[in-house]
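Only one structure is covered here, and it is reproduced in the block below.
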Protein chains: 6
Amino acid sequence: MAVVVQNIKRADAGVRDALAEYGVATVHEAQGRIGLLAPYMRPVWKGARIAGTAVTVEVPPGDNWMIHVAVEQCQPGDIMVVAPTSFSDVGYFGDLLATSLMSRGVRGLIIDAGVRDVADLEEMKFPVWSKCVYAQGTVKETLANVNVPVVCAGALIHPGDVIVADDDGVCVVRKKDAAKTLAGAKDRVAKEAESRAAFKKGMLGLDYYKFRERLAEKGLKYIDAPPED
Amino acid sequence: MAVVVQNIKRADAGVRDALAEYGVATVHEAQGRIGLLAPYMRPVWKGARIAGTAVTVEVPPGDNWMIHVAVEQCQPGDIMVVAPTSFSDVGYFGDLLATSLMSRGVRGLIIDAGVRDVADLEEMKFPVWSKCVYAQGTVKETLANVNVPVVCAGALIHPGDVIVADDDGVCVVRKKDAAKTLAGAKDRVAKEAESRAAFKKGMLGLDYYKFRERLAEKGLKYIDAPPED
Amino acid sequence: MAVVVQNIKRADAGVRDALAEYGVATVHEAQGRIGLLAPYMRPVWKGARIAGTAVTVEVPPGDNWMIHVAVEQCQPGDIMVVAPTSFSDVGYFGDLLATSLMSRGVRGLIIDAGVRDVADLEEMKFPVWSKCVYAQGTVKETLANVNVPVVCAGALIHPGDVIVADDDGVCVVRKKDAAKTLAGAKDRVAKEAESRAAFKKGMLGLDYYKFRERLAEKGLKYIDAPPED
Amino acid sequence: MAVVVQNIKRADAGVRDALAEYGVATVHEAQGRIGLLAPYMRPVWKGARIAGTAVTVEVPPGDNWMIHVAVEQCQPGDIMVVAPTSFSDVGYFGDLLATSLMSRGVRGLIIDAGVRDVADLEEMKFPVWSKCVYAQGTVKETLANVNVPVVCAGALIHPGDVIVADDDGVCVVRKKDAAKTLAGAKDRVAKEAESRAAFKKGMLGLDYYKFRERLAEKGLKYIDAPPED
Amino acid sequence: MAVVVQNIKRADAGVRDALAEYGVATVHEAQGRIGLLAPYMRPVWKGARIAGTAVTVEVPPGDNWMIHVAVEQCQPGDIMVVAPTSFSDVGYFGDLLATSLMSRGVRGLIIDAGVRDVADLEEMKFPVWSKCVYAQGTVKETLANVNVPVVCAGALIHPGDVIVADDDGVCVVRKKDAAKTLAGAKDRVAKEAESRAAFKKGMLGLDYYKFRERLAEKGLKYIDAPPED
Amino acid sequence: MAVVVQNIKRADAGVRDALAEYGVATVHEAQGRIGLLAPYMRPVWKGARIAGTAVTVEVPPGDNWMIHVAVEQCQPGDIMVVAPTSFSDVGYFGDLLATSLMSRGVRGLIIDAGVRDVADLEEMKFPVWSKCVYAQGTVKETLANVNVPVVCAGALIHPGDVIVADDDGVCVVRKKDAAKTLAGAKDRVAKEAESRAAFKKGMLGLDYYKFRERLAEKGLKYIDAPPED
């Protein structure tokens, strides 16, 4: 039996929107180094940085029917997350579905499979992270679930979780951890501003982070290069 | 024995040129979902959209001699299609060969292997779709065939077939199916314009395509999200 | 025992800087077709062309401590070369380390693993060639060597060797071969200018390189296409 | 902070042991087609078929310290499930750890990374499913969690879930679904015995499953082969 | 529209059966080095060597309905060849379909996708070459073609062509070339017996094939190893 | 210019032969965790464990001429090491070359490419480690070097180095480090015998290696599983 779960609880909108100001690398660290999707998830076009609440969609291999079903479950501020039930590289998504999602205020698409019409997607400025680009289309024959927890590109994503995505990739932040993660990201960015300033002036990380003593304890030796012929 | 087949029959030039106005995804659907090359075939630079008639070239691994032979068989409106006889990632093609092809009016290159001088290729605006980029060069020692049917990136291509390529990838259209495919592409684009307009106004694909009844028949259930802690 | 080798002998600075004017494909040919890194090494952003002297860094999987150690060994004109001791895709390097390296006059990074903060790296115009992009960070727990010979993406690199990198990939030039390779690159570029001019006018490579006789000797046959139905 | 969760609740031992009699393909179907690990998970030696309760272990890249920690949490009937926090191919596990696990009655290992000493593992008849075989060892420097939910080779696994593994791969059965899945597997095997008998006698699936009518409705046509030259 | 082509013309049975006595490497060379399927096609169990006439089956991703349709088109001496219309790794085929095919005298399966029940397939001694092993099953919803030319693992295969398969992989022999290829294989095996005997006695290939002169002409130099420290 | 280096200095024969008694994992650890070839190097048949002195062979893509040249440079106790100058998956080596090498007392082949006739290789008991199996043959047209240092599957190998290979993969031991590595391997095996005995009796690695204190210092916490519904 396939189900569409309606009226999912979403992460707090204010926290979600604030997370968009932080990069994926920062958010991932702030959450305790969990939640990253696999590195093969790449942006279809460069320069987007978004955060949104996940509407999750399972799709059978080569069948995008449930994406059409899931559009209705989306609201402004959401990001659609599509997870095939087995490996697929076909193009589940193109400019028509992007038009539909944009008209509902959806902020982007995360899909562990292929997309097409990528020149249009860039022109429309609809952000997409996918495994690949492929013009091969899909059928509409088989049911699957909408808004159930999915594993997408190796990460567990619950409906309503926050998705953060930029040129570094994609990270999921658990609903319940979103506020704490946002606070951690703020701290982290503040600290990085300080270290960046120090490094710009030429200070070494060795000194800034006080690594020298521990390196020596572990046994690191400095030697001179042998003479060459 | 290796042969160069001369005076191949090419697809109709008017049809070929008209196909350049349609994207690969559209042409692929219009032809009945056949003819796509594998998704690893990516454009060396983004934004080109071309159609042309195929001059097919077999090359031994690491040997580009036959590309030099095949240049002579090209005429304006052609696209060169290169298929190694076994897997190869070396750079068979660079800016000098591109200069040669451009001087003959060739519209682009499709190669199931590597290319090099990619910054030059982009500057020259010579469109190339390849498996990879690699500076490793080739030798000129071993014969192979020109203008015989080849399997390139998983697709069967006959000399004179139409090749259509854009940022979504590469599709081959059989000579005899080219006119019918062009007509189908026109129809498809017209229909998509209508559905795009509807989606822009917020109409759902569920309603536009009348999916709801068949989904219910297959057993799709709508439920509410369970309460969370 | 892990060592940091100091005061390495670097290739001649004049030769190194002159090599930056030649592309990777040219340099690789001029050196006798050796020294290329694997084709999966791709620039994080397009358009950079650099040459520099290698500071080599071994890193354990998921541990970037030694990169911090190696920064101190860098001087203006260097390129940092990072080789994990086993396969890793995590993001060893981001905008803070790039800031540090830029403050020391380092020209770029070559890393057989992942990097992050790639939007920042592009904005800073710090050139990086990597295997992948991944936001996953590292720990700082385990020692390895700095400025020992490493195998990076399949190529043997000694400290002080010249690294040349552009959109075609990355090539290492041995210290002792650098001057000879530079001379060869100059010759090659001069010759290519001639052939490019000939090809632009429509001369065929078949004639320019005098291939026809050897092709005939090997048995190449020209036939006409059979009639089609 | 890293934690070791003790005294996990395990699936019912009787159900777990009964599941060992069914193949992975059967169990996966009986559970509603969920729970499979990725197809790259292959047995180190062929012929084992096991079921056990999961003790889950997170490991940092290239660091197997937590496997040593997790051994203590294992009891007879368990299967150890190891999930690196990022991609790793190193050999986290060899004959010494296998000796330890066997002495505690552990039935096998599932690891989304590499193992070594594989000739010994086969001789000891300790079943292992892994991503690869690699002699590269690990360090013992960094903490991670034991007995928390993990994503292993694309599947979500909770401590105490049932793992079923054979030459077809690996499947996880949720604790709460184990009894129902076992019942489904029994039914399925009974039905398959009937169909197998029918097929052995030459009955066609087309007739046995009554496919002909639906195929005709969808428009399948039977035509004769055209004459060949 | 999907079609099942009936009454295909098969290659001569005597030639087909005789080809089974030659290995794939020999047959491939005898046919002029064409017709090999990609190297990722591996036998599910080692030791089978078969030849048969191809019944070709297109399958949509994740949908094995057409395999059931194609069984009826098989006769003794055939080999089923399955080509998904886009990349798929799911298990399209297991012990029940193998039972069906064996009852019709089919000699094996070639599938550019996954299979399951591999322990059973080996026990039944039904030979299978596949891209992978995966327990994930399929649906039965979408039509495709039977007995049309297909590209399978990079090779073009027509219905009725001869398929030869052993531990080295899979090769297709065109119907019209089968007799000539068989003759070539016989010659080749005879010649190899002579060279094998010579090599067993210690004769060098350098002398047996008279390579020395051509090597010298090309410029091969013999030098002594430099002294080592 | 291509060279064949003759009269290379080989590692001590006694040390080399003694290393064959130790597995690759042990030798790799004993040498300080360097020298492993990439994990994709797998034995063509299982169960061989060999050590020998390297004769190194560069080969162009798809061209095995230099293997024939290198046979003459082999003597009893050697292992042939073949490194293509760019990626190749073709079958460079089959039963005839194996016959030749066996007649000279060569102990095995390590090749970063494909081999064929694998059923014969197993029957002859000639051990081979390769990247893949592929029936595609080679040409004999282009020179390369014999007995120069090569990078093979990511490892630097000098002529005369010791190669150790078993079901875990392949490791190179530098000539000058061979005796020291052998001594280390002996020590390691002795220590492992002790730990294996302890583990067999049920002693935990946590206690045997005295890990508990350091784990606590790093902050590892033990907690009880939360109650489940």
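Tabulated data for the structure shown
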| item | result |
| --- | --- |
| Cβ-vector label at 7 Å, F:ASP17, separations to other copies in nm | 5.3, 5.3, 6.0, 7.9, 8.0 |
| Nonlocal amide H pairs with A:ASP78, under 5 Å, H built at 1.01 Å | A:THR53, A:ARG107 |
| Cα gyration tensor category, rounded, prolate or oblate, for segment E:36-92 with a/c compared to 1.5 | oblate |
| The protein assembly as shown, helix-only ellipticity at 222 nm - DSSP H runs n ≥ 4, -39,500 (n - 2.57), divided by all residues, nearest 500 | -8500 deg cm²/dmol |
| Label-to-label distance, nm, for residues given as B:ALA179 and E:GLN6 (7 Å Cα→Cβ offset) | 3.3 nm |
| Area accessible to solvent at E:TYR208, 1.4 Å probe radius, in Å² | 70 Å² |
| Relative intensity, log₁₀ I(q)/I(0), of segment F:1-102 from a Debye sum that treats every alpha carbon as a point, q = 0.09, 0.10 Å⁻¹ | -0.26, -0.33 |
| Charge dipole of chain C about the Cα centre (unit charges at C-beta), most positive-ward option of C:SER130, C:SER100, C:ILE8 | C:ILE8 |
| Added length on full extension, which subtracts the Cα-Cα distance from 0.36 nm per residue, E:ALA190 to E:LYS125 | 20.4 nm |
| Closest approach to the B/A rotation axis among chain B Cβ atoms, residue and whole-Å value | B:LYS46, 6 |
| Share, in percent, of DSSP beta bridges within chain B that are antiparallel, nearest 5 | 45 percent |
| Rounded to 10°, Cα long-axis angle of helix E:178-200 versus longest principal axis of chain E | 40 degrees |
| Chain B: relative contact order in percent, alpha carbon pairs under 8 Å with at least 6 residues between | 29 percent |
| Radius ratio Rg over Rh of the protein assembly as shown, counting only Cα atoms, Kirkwood formula for Rh | 0.94 |
| Nm distances between copies for A:LYS46, ranked from closest, using label points 7 Å along Cα→Cβ | 0.9, 0.9, 4.6, 4.7, 4.7 |
| Percent carbon-and-sulfur accessible area, chain D, ignoring ligands, DNA and RNA, probe 1.4 Å | 52 percent |
| Chain A: most fluctuating residue of A:GLY219, A:GLY169, A:GLY184 per GNM, C-alpha cutoff 10 Å | A:GLY219 |
| Prolate/oblate/rounded call for segment F:152-229, Cα gyration tensor, a/c under 1.5 rounded | prolate |
| Inter-chain shielding of C:163-171 (mean C-beta neighbours from other protein chains, 10 Å cut-off) | 5 |
| Only Lys, Arg (+1) and Asp, Glu (-1) charged, at Cβ; segment D:85-156 dipole about Cα centre in debye | 240 debye |
| Residue pairs, from the table A:LYS140/E:LYS140; A:LYS125/B:LYS200; E:LYS221/F:LYS9; B:LYS131/C:LYS186, whose Cα atoms sit over 21 Å apart | B:LYS131/C:LYS186 |
| Listed residues A:LEU156, A:LEU182, A:LEU206: farthest to the positive end of the dipole of segment A:150-209 (Cβ charges) | A:LEU182 |
| Unit charges on C-beta of K, R, D, E only; dipole of segment B:58-125, Debye | 180 debye |
| Segment B:160-229: GluC sites (Glu not before Pro) in DSSP coil with no more than 12 other Cβ atoms inside 10 Å | B:GLU228 |
| Accessible area, probe 1.4 Å, largest first, for residues E:ILE34, D:ILE111 | E:ILE34, D:ILE111 |
| Candidates per trypsin sites (Lys or Arg not before Pro) in segment F:194-229, loop by DSSP, up to 10 other Cβ within 10 Å | F:LYS201, F:LYS210 |
| Rounded accessible area per residue of chain F, 1.4 Å, Å² | 36 Å² |
| Rounded, prolate or oblate (a/c below 1.5 giving rounded, otherwise prolate when a/b exceeds b/c) for segment F:73-202 by Cα gyration tensor | prolate |
| Across the identical copies, how the E:GLU217 labels are spaced - nm, sorted shortest first, 7 Å along Cα→Cβ | 0.7, 7.1, 7.2, 7.2, 7.3 |
| Of C:ALA216, C:THR53, C:VAL118, farthest towards positive along the dipole that unit charges on Lys, Arg, Asp, Glu beta carbons give chain C | C:ALA216 |
| Theoretical FRET efficiency, 1/(1+(r/R0)^6), r = Cβ-Cβ of E:SER103 and C:GLU213, R0 51 Å, to 0.05 | 0.25 |
| Counting all C-alpha pairs of segment F:98-166, share separated by more than 16 Å (%) | 59 percent |
| Simple Cβ-charge dipole of chain D, Lys/Arg +1 and Asp/Glu -1, about Cα centre, in debye nearest 20 | 860 debye |
| Average projection area in nm² (convex hull over Cα atoms of chain F, one quarter of hull surface) | 17.9 nm² |
| List of segment A:124-148 residues, accessible area with partners at least 40 Å² below that of the chain alone (1.4 Å probe) | A:VAL133, A:TYR134, A:ALA135, A:GLN136, A:GLU141, A:THR142, A:LEU143 |
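The values are calculated or read from the model by the stated rules, or taken from the named source; none is laboratory data. Not measured: the values here are computed from a predicted model. For neighbour counting, all protein chains shown are included, and Cβ atoms are generated from backbone atoms with ideal geometry for every residue, glycine included. Each accessible area value is taken on the protein alone, full model and side chains, heavy atoms only, with ligands, DNA and RNA left out. Shrake-Rupley method; radii C 1.70, N 1.55, O 1.52, S 1.80 Å.
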